[in-house]
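Notes follow once the structure below has been shown.
Computed from the coordinates by the stated procedures, all read-outs in this text should not be read as laboratory data. These figures come from a predicted structure and were not determined experimentally. A quick note on method: Cβ atoms are made from the backbone with ideal geometry, for glycine too, and the neighbour counts reach across all protein chains shown.
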Amino acid sequence: MAKVLRRERLVPNIHLLEVHAPEVARKSRPGQFIIVMSDERGERIPLTIADWDAKRGSVTSIFMLVGTSTQKLSLLQAGDDLPVYVGPLGRPSDIQNFGTVVCAGGCFGIAAIYPIARALKQAGNRVLTLIDVKASYLFYWEDKLKKVSDRLFVSARDSRYDSKEYIPYKLDSLLKAEKKIDRVVAIGCTYLMYRCAEATRPAGVKTMVSLNPIMVDGTGMCGACRVTADGKTKFACVDGPDFDGHTIDWPELFSRRKSYFDDEVKSLCAFERERFP
Amino acid sequence: MTEKLEISAELKARLKAEYDKDWRKELRKSLPVKERMKVPRQKMPEREPEKRNRDFGEVNKGLDLEAAVLEARRCWDCANPGCVSGCPVSIDIPSFIKLIEKRDLVASVRKIKETNSLPAICGRVCPQETQCEIVCNLRKATGVPVAIGNLERFISDFERGEGKVFLPEIPPSTGKKVAVIGAGPAGLTVAGELAKKGHRVTIFEALHIAGGVLVYGIPEFRLPKAILKAEVNYLQKLGVELRMSYVVGKTATLEDLKKDGYDAFFIGTGAGLPNFMRIPGENLVGVYSANEYLTRVNLMRAYEFPVYDTPVVRGKRAAVIGGGNVAMDSVRTAKRLGAELAAIIYRRSRQEMPAREEEVKHAEEEGIEFHLLTTPLRYIGDEQGRVKAMECLRMELGEPDSSGRRKPVPVQGSEFITEVDLVVVAIGQSPNPLMAQTTPELRVGKWGNLEVDWKTMGTSMPGVFAGGDIVRGGATVILAMGDGRLAAGEMDRYLKCGQR
């Protein structure tokens, strides 16, 4: 059992969840994740660790409202108990002084990229951060990211922003404008990570992506999260979640992410019926 | 078949003392062996196949008291019982059976629990036919052994039914702290044994329910979760502390736990790494490892979706690859989840199948198809990346291989394609690598297994012991429990003397 310290809506479809989990907080590193289950009947879902405070004993994640599990999480209040909150899982991100690094985050990935950008900055890198959301009223954590970035670029798919700023295009123009980009780290929906990997492929700039396949146990036991990297099957929970985006079999990942699409709709309908009979 | 285990002098003396007791002598005299041999083996009552293959209720119903007493009468109470030599946890089998014959059920429960903290589980999932029953002297004489497993189950069910769980007397605390990593059969056994000796035991478990393979792997229809829960509650009553959702190696390393004051460790993290065949299409949607398929259904209760949130693919044509108990559990689960066709695909013949005879029999009765001497070559997906068919190849048996079983060889040109919408790969598991990766001092064997001294179950690190599938690869629940019992004895010695 872990206690919820704070659950708040940051923007219309994105929520913050801060949980009292001192042991997880003590061990957390950038790029790792936790697995949470909202109630006894819930599903075990992975969430990236967006921040932690070892002194306070707390761990923070950001999630986007999608299906039943995230709906349930979004209804939590401070003081509620979570039956499962386990971590930190996965391998930490590779943090070194690479030189110039582009950190790209979309939607929930804006939070997920934050501890990585912070660690890369501390390691002496020049950090260029790109963030993207569907509409401009969905921005959050810009101030936090500004503090750990040398430059911050924002883009949104509405009229206030130029469509040329969309992360993959911006990556493309940065690759041309900057003398040297040593590495790109991209976190967000599968499509965004795929597009980032494709954008840097011609120039051959190493692009790390944090993959988000469906998981169950998160410790390598079940193999639900298998992805193909370099033609070999890997388990994202123990071999990842970070992979070189240029080696990933993206079509396979897209279809595996959608494994339970119909069931997810069914589950959400059942949940809504239960709440609003 | 399991090797006959050596009986220690201490155990021999214990058996002899019980054998020589007056009531045992009288009981032996009360019915001549000839009469005992006339009693037929009592059949385990089962639910009807056509009903049980639609739900997750338990298949075996258990013997009633009269049947159990009759079955107990079949045992000759031999002077040199073979059965005990086949039991990895050294249960005094003749004593507990004779106590059933005497109708002293409470004493019978206590007798079993002297060496086995989890009899309700063993009575259900142990392969007794290759352990204690195969070396039963009655079997040697007539071919039909005493139903030791069914009696063990009977007596543990009696105890639970009574609601009066017997707790042994626990000696004063030794002040020593033990960390058990993994709440599977090996870890639960170690915890029970060491708690009974007065040590403070904490079990660290990665999942949210204790039991390991007993909870995520073995289905409800073979081992109801309520029974497992009762056995775990018993351990808690013995003073064992459970820390759930705690991944040793991630949440804290073994080194961290040492700093927290733990004096000895037992690693029982199991064979939590599913094997795949590495053939094309294995990552299509609808192709599962048995671990994932069974975890979704058992641990996460996908069979009650959408009341429970975790979904699972419900195939109409289900193929399960493999011939072991895990394959049987998977294929019978698929049938219960509505598969019109649920089939085992196994590359050798029925004779080489490693599954228990009882499981194969139950599967056949429930309408499972067996495609023997067949192996998959590749899986074929639709445009959405979901499995829709598989290509197979027929095999025939050639010369014996290193395991002594005849090696399957492909029949040229025998490829065929069949439609499937659910595939479960149940070809075995490897040891989970997490502990070894995060504890570099642990010596690891060829298959990622932890290396131990088989006499003590001690690893390469002093004070750190291991057992079960993390050292064996993929074995059975009872062998894991046997390892746990052996390790617990050595750990107790280590804790008392400070060395092993």
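For the protein assembly as shown, what is the convex hull volume of its Cα atoms per residue in Å³? Each step should come with its number before you reach the end.
Details: hull volume 137.6 nm³, N = 777.
Measuring per residue, one finds 177 Å³ for the Cα hull of the protein assembly as shown.
Would you mind working out the magnitude of the charge dipole of the stretch B:371-471 relative to its Cα centre, with +1 at each Lys and Arg C-beta and -1 at each Asp and Glu C-beta, to the nearest 20 Debye?
Values: 10 positive and 13 negative charges, 57 e Å.
With Lys and Arg at +1 and Asp and Glu at -1, about 280 debye.
Order these by the 10 Å Cβ neighbour count, fewest first: A:TYR169, B:TYR262.
Details: A:TYR169 15, B:TYR262 20.
Placing the least packed residue first, the sequence is A:TYR169, B:TYR262.
Calculated FRET efficiency, B:VAL144 and B:LYS259, Cβ-Cβ r, R0 51 Å, to nearest 0.05?
On the way: r = 56 Å, r/R0 = 1.11.
Calculated value: 0.35.
Run the numbers on the stretch B:1-146 and let me know its relative contact order in percent, using alpha-carbon pairs under 8 Å that are six or more apart. Write out the running numbers ahead of the final one.
Numbers: 161 pairs, mean separation 38.2, N = 146.
Dividing the mean separation by the residue count of the stretch B:1-146 yields 26 percent.
Take the alpha carbon atoms of the stretch B:222-242, find their center, do the same for the stretch B:245-286, and report the distance between the two centers in whole angstrom.
Between the Cα centres of the stretch B:222-242 and the stretch B:245-286 lies a distance of 22 Å.
Bin all alpha-carbon pair distances of the stretch B:276-427 at 5 Å intervals from 0 and give each bin's fraction as a whole percent.
Whole-percent P(r) values from 0 Å outward: 2, 10, 19, 22, 21, 15, 7, 3, 1, 0, 0.
Using packing as a proxy for protection, rank A:215-228, A:87-100 so that the peptide with the highest average count of other Cβ atoms within 10 Å comes first. Before the final figure, lay out each step's value.
On the way: A:215-228: 25.2, A:87-100: 18.8.
The most tightly packed comes first, giving A:215-228, A:87-100.
Using per-residue counts of other Cβ atoms within 10 Å, averaged over each peptide, order B:455-461, B:394-400, B:131-137 from highest down.
B:131-137, B:455-461, B:394-400
Could you tell me which of the pairs B:LYS177/B:LYS258; A:LYS27/A:LYS234; B:LYS111/B:LYS455; A:LYS3/B:LYS237; A:LYS134/A:LYS180; B:LYS197/B:LYS258 are separated by over 18 angstrom between their Cα atoms in the structure shown?
On the way: B:LYS177/B:LYS258 10 Å; A:LYS27/A:LYS234 24 Å; B:LYS111/B:LYS455 26 Å; A:LYS3/B:LYS237 26 Å; A:LYS134/A:LYS180 29 Å; B:LYS197/B:LYS258 21 Å.
Checking Cα-Cα distances, A:LYS27/A:LYS234; B:LYS111/B:LYS455; A:LYS3/B:LYS237; A:LYS134/A:LYS180; B:LYS197/B:LYS258 exceed 18 Å.
So how do B:TRP454, A:TRP52, A:TRP141 line up by other beta-carbon neighbours within 10 Å, fewest first?
Details: B:TRP454 11, A:TRP52 27, A:TRP141 20.
Placing the least packed residue first, the sequence is B:TRP454, A:TRP141, A:TRP52.
Between B:THR174 and B:ILE279, what length comes free when the chain is fully extended (0.36 nm per residue of separation minus the Cα-Cα distance, one decimal in nm)?
Once the chain is fully extended between B:THR174 and B:ILE279, it gains 32.4 nm.
I need the calculated FRET efficiency for the pair B:ARG378 and B:SER30, taking r as the beta carbon distance and R₀ as 60 Å, to the nearest 0.05.
Calculated transfer efficiency: 0.40.
Could you name the aspartates and glutamates in cross-link range of A:LYS258, using Cα to Cα under 19 Å and dropping any fewer than eight places away on the same chain?
Leaving aside aspartates and glutamates fewer than 8 places away in the same chain, those within reach of A:LYS258 are A:GLU43, A:ASP217, A:ASP249, B:GLU282, B:GLU292, B:ASP309, B:ASP382, B:GLU383, B:ASP421.
Mind checking the mean number of beta-carbon atoms from other chains within 10 Å of the Cβ atoms in A:224-230? Show your work: numbers first, answer last.
Working: counts 8, 1, 7, 1, 2, 0, 0.
Counting other chains' Cβ atoms within 10 Å and averaging over A:224-230 gives 3.
Taking θ = phi - 60°, what integer Hz values does the Karplus form 6.51 cos²θ - 1.76 cosθ + 1.60 yield along the stretch A:50-66, in sequence order, with x for Gly and Pro?
Couplings: 9, 6, 7, 9, 5, 5, 6, x, 10, 10, 10, 10, 10, 9, 9, 5, 10 Hz.
Can you give the relative contact order of chain B as a percent, counting alpha carbon pairs under 8 Å and 6+ residues apart? Please list the in-between numbers first.
On the way: 1027 pairs, mean separation 71.5, N = 500.
Dividing the mean separation by the residue count of chain B yields 14 percent.
Amide H of A:LEU10 versus every other amide H placed in the peptide plane: which residues, excluding those fewer than 5 positions away on the same chain, fall under 5 Å?
Those qualifying (amide H under 5 Å, at least 5 residues apart or on another chain) are A:HIS15, A:LEU16.
So if we plug the beta-carbon distance of B:ALA17 and A:TYR169 into 1/(1 + (r/R0)^6) with R0 = 56 Å, what FRET efficiency do we get, rounded to 0.05? Numbers along the way, then the final one.
Values: r = 85 Å, r/R0 = 1.52.
Efficiency, from the Cβ-Cβ distance: 0.10.
Most fluctuating residue of A:ARG118, A:ARG126, A:ARG41 in a GNM of chain A with Cα springs under 10 Å: which is it?
A:ARG41
Could you state the angle between the C-alpha long axis of helix A:167-177 and the longest principal axis of the C-alpha atoms of chain A, as a value from 0 to 90 degrees rounded to the nearest 10?
Once rounded, the angle reads 20 degrees.
Take the stretch A:2-89, compute every pairwise Cα distance, and split them into 5 Å bins from 0; I just need the percent in each bin.
All Cα pairs, binned at 5 Å, distribute as 3, 16, 29, 29, 17, 6, 0 percent.
So which helices of chain B fit the span-like rule, where a helix is a whole DSSP H run, its Cα atoms reach 20 Å or more along the axis, and its mean Kyte-Doolittle is at least -1.0?
On the way: long enough: B:148-162 (21 Å, -0.65); B:477-497 (30 Å, 0.28).
Qualifying helices, which must be both long enough and hydrophobic enough, are B:148-162, B:477-497.
In Å, what Kirkwood hydrodynamic radius results for the stretch B:181-233 from the alpha-carbon pair distances?
Working: mean 1/r = 0.0871 Å⁻¹.
Across the stretch B:181-233, the inverse of the average 1/r is 11.5 Å.
Expressed as an acute angle from 0 to 90° and rounded to the nearest 10, what is the orientation of the C-alpha long axis of helix A:261-275 relative to the principal long axis of chain A?
50 degrees
Distance from the Cα centre of the stretch B:433-449 to that of the stretch A:64-90, in angstrom?
Taking the Cα centre of each part, the stretch B:433-449 and the stretch A:64-90 sit 33 Å apart.
Among B:VAL312, B:VAL240, B:TRP23, flag the residue with its Cα farthest along the positive direction of the charge dipole of chain B, charges on Cβ as +1 for Lys/Arg and -1 for Asp/Glu.
B:TRP23
Looking at chain B from every direction and averaging, what is the projected area of its Cα convex hull in nm²? Let's see the in-between values first.
Numbers: hull surface 98.1 nm².
Averaged projected area of chain B's Cα convex hull equals 24.5 nm².
Over the stretch A:100-257, what is the relative contact order in whole percent, taking alpha-carbon pairs under 8 Å and six or more residues apart?
Working: 300 pairs, mean separation 30.1, N = 158.
With pairs under 8 Å counted, the relative contact order is 19 percent.
Rounded to the nearest 20 Debye, what is the dipole magnitude of chain B about its Cα centre when Lys and Arg each give +1 and Asp and Glu each give -1 at the C-beta?
Here the size comes out at about 1160 debye.
Peptides B:225-233, B:176-184, B:317-325: what's the order by average Cβ count within 10 Å, highest mean first?
Details: B:225-233: 18.0, B:176-184: 27.1, B:317-325: 25.1.
Result, highest mean first: B:176-184, B:317-325, B:225-233.
Which residues' amide hydrogens lie under 5 Å from the amide hydrogen of B:ARG406, considering only partners 5 or more residues apart or on another chain, with H built in the peptide plane?
Counting only residues 5 or more places away or on other chains, the set is B:ASP401.
Taking the Cα atoms only, what angle lies between the long axis of helix A:190-200 and the longest principal axis of chain A, rounded to 10 degrees?
10 degrees
With runs of 4+ DSSP H residues as the only contributors, calculate the mean residue ellipticity of chain B at 222 nm using -39,500 (n - 2.57) per run, divided by the residue total and rounded to the nearest 500.
On the way: 20 runs with 177 residues, N = 500.
Roughly -10000 deg cm²/dmol at 222 nm, from the helical runs in chain B.
Lysines within cross-link reach of B:LYS43: Cα-Cα under 17 Å, excluding same-chain residues under 8 positions apart?
B:LYS61, B:LYS361
Using the Karplus curve 6.51 cos²θ - 1.76 cosθ + 1.60 with θ = phi - 60°, work out ³J(HN,Hα) for each residue of the stretch B:342-348 in order, rounded to whole Hz, and write x for Gly and Pro.
For the stretch B:342-348, the Karplus curve yields 10, 10, 8, 10, 9, 7, 9 Hz.
With every atom except the alpha carbons ignored, what do you get for Rg and Dmax of chain A, in angstroms?
When restricted to the Cα atoms of chain A, Rg and Dmax are 18.1, 60 Å.
At a 10 Å Cβ-Cβ cut-off, how would you order B:ASP421, B:ASP260, fewest neighbours first? Please report the intermediate quantities before stating the final value.
Details: B:ASP421 20, B:ASP260 11.
So the residues, fewest neighbours to most, are B:ASP260, B:ASP421.
Would you kindly derive the ³J(HN,Hα) couplings of the stretch A:122-137 from the backbone phi angles with the Karplus curve 6.51 cos²θ - 1.76 cosθ + 1.60 (θ = phi - 60°), listing them in order in whole Hz, with x for Gly and Pro?
4, 7, x, 6, 8, 10, 9, 10, 10, 10, 9, 9, 6, 8, 5, 7
Run lengths n ≥ 4 of DSSP H only: what is the helix-derived mean residue ellipticity at 222 nm for chain A, with -39500 (n - 2.57) per run over all residues, to the nearest 500?
Values: 9 runs with 82 residues, N = 277.
Dividing the helical sum by the residues of chain A leaves -8500 deg cm²/dmol.
A:LYS147: which lysines have alpha carbons under 22 Å from its alpha carbon, excluding same-chain residues fewer than 8 sequence positions away?
Partners found: A:LYS55, A:LYS121, A:LYS170.
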